[in-house]
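Enquirer: Here you go, one structure.
The values are calculated or read from the model by the stated rules, or taken from the named source; none is laboratory data. Keep in mind the model is a prediction, meaning the values are calculated, not measured. Neighbour counts run over all protein chains shown; Cβ positions are idealised from the backbone, glycine included. Side chains are part of the model used for accessible areas, which takes the heavy atoms of the whole protein and leaves out ligands, DNA and RNA. Shrake-Rupley method; radii C 1.70, N 1.55, O 1.52, S 1.80 Å.
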Amino acid sequence: MSVVIYPNQTRNYCIFDENRIKQKVERADFEEIKASLKNPKSEEDVLENLYTLNLILDKGKNKEQVAKLYPELSKYNDTRSANIQTYLAGIYRKTKVPDAFGPLVKMLIQDSINPIKDAHFDPTEEIGGAILDYLA
């Protein structure tokens, strides 16, 4: 079961069970992640998988395998969760899947017009950074 401690007034990031995440990163079981993204039990499951994928990408490995998950990831392109938007933008920034550019721009525009309420940070920072990386 996924356990996520959400951002608050003094911390602008999620906290995960690092032992569980470390095991998931070492296994890099993309079929398991794909299945979980298709049918998540909760937002915490989605966040844990997105965080895991970001860490896998940070290791400099499996970029192509993560990019192949775009059909499953794109399910979350219209989310209003600041946390999911942030991790999703990080993945798109690192993989530069061409199909993700439009959804990133859409997220940025929608969040600018209608900011996400109760977010303890602004996801447009990561979204804008991802867009800049696409344009670089």
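Enquirer: Please enumerate the residues belonging to region 90-125 that are part of a helix (DSSP H, G or I), open to solvent by less than 50 Å² (accessible area, probe 1.4 Å) and within 22 Å of Lys59 (Cα to Cα).
Expert: Answer for region 90-125, where residues must be part of a helix (DSSP H, G or I), open to solvent by less than 50 Å² (accessible area, probe 1.4 Å) and within 22 Å of Lys59 (Cα to Cα): Gly90, Ile91, Tyr92, Thr95, Ala100.
Enquirer: Then there is this: Could you please find all residues in region 83-125 being under 14 Å from the mean Cα position of the chain (by Cα), under 21 Å from Asp45 (Cβ atoms) and at pLDDT below 95?
Expert: Pro123
Enquirer: Identify all residues within region 68-89 that are of a type outside the set (Ser, Thr, Tyr), open to solvent by less than 20 Å² (accessible area, probe 1.4 Å) and outside any helix (DSSP H, G or I); write none if there are none.
Expert: Those that are of a type outside the set (Ser, Thr, Tyr), open to solvent by less than 20 Å² (accessible area, probe 1.4 Å) and outside any helix (DSSP H, G or I): Leu69, Asn77.
Enquirer: Take the conditions open to solvent by less than 60 Å² (accessible area, probe 1.4 Å) and touching a residue at least 40 places away in the same chain (Cβ under 8 Å) and apply them to Pro40. Does it pass?
Expert: It is false that Pro40 is open to solvent by less than 60 Å² (accessible area, probe 1.4 Å) and touching a residue at least 40 places away in the same chain (Cβ under 8 Å).
Enquirer: Would you say Lys34 is among the basic types (Lys, Arg), farther than 20 Å from Lys117 by Cβ and outside any helix (DSSP H, G or I)?
Expert: Spelling it out, it is not the case that Lys34 is among the basic types (Lys, Arg), farther than 20 Å from Lys117 by Cβ and outside any helix (DSSP H, G or I).
Enquirer: Could you please find all residues in region 21-34 being under 11 Å from Leu69 (Cβ atoms) and either in contact with an Asp or Glu (Cβ under 6 Å, 6 or more places away or on another chain) or surrounded by 13 or more Cβ atoms within 10 Å (Cβ to Cβ) (or both)?
Expert: Phe30, Ile33, Lys34
Enquirer: Kindly list, by first and then second residue, each pair from a residue in region 54-67 that is open to solvent by less than 100 Å² (accessible area, probe 1.4 Å) to a residue that is assigned to a helix (DSSP H, G or I) and of a type in the set (Phe, Trp, Tyr), limited to pairs with Cβ atoms under 7 Å and residues at least 6 apart or on different chains.
Expert: As it stands, the answer is Asn54/Tyr87; Gln65/Phe30, since those pairs meet every condition given.
Enquirer: Would you please list the contacts, defined by Cβ atoms under 8 Å and residues six or more apart or on different chains, that run from a residue in region 71-93 that is among the hydroxyl-bearing types (Ser, Thr, Tyr) to a residue that is outside any helix (DSSP H, G or I) and open to solvent by 20 Å² or more (accessible area, probe 1.4 Å)?
Expert: Pairs found: Ser81/Ile116; Thr86/Phe121.
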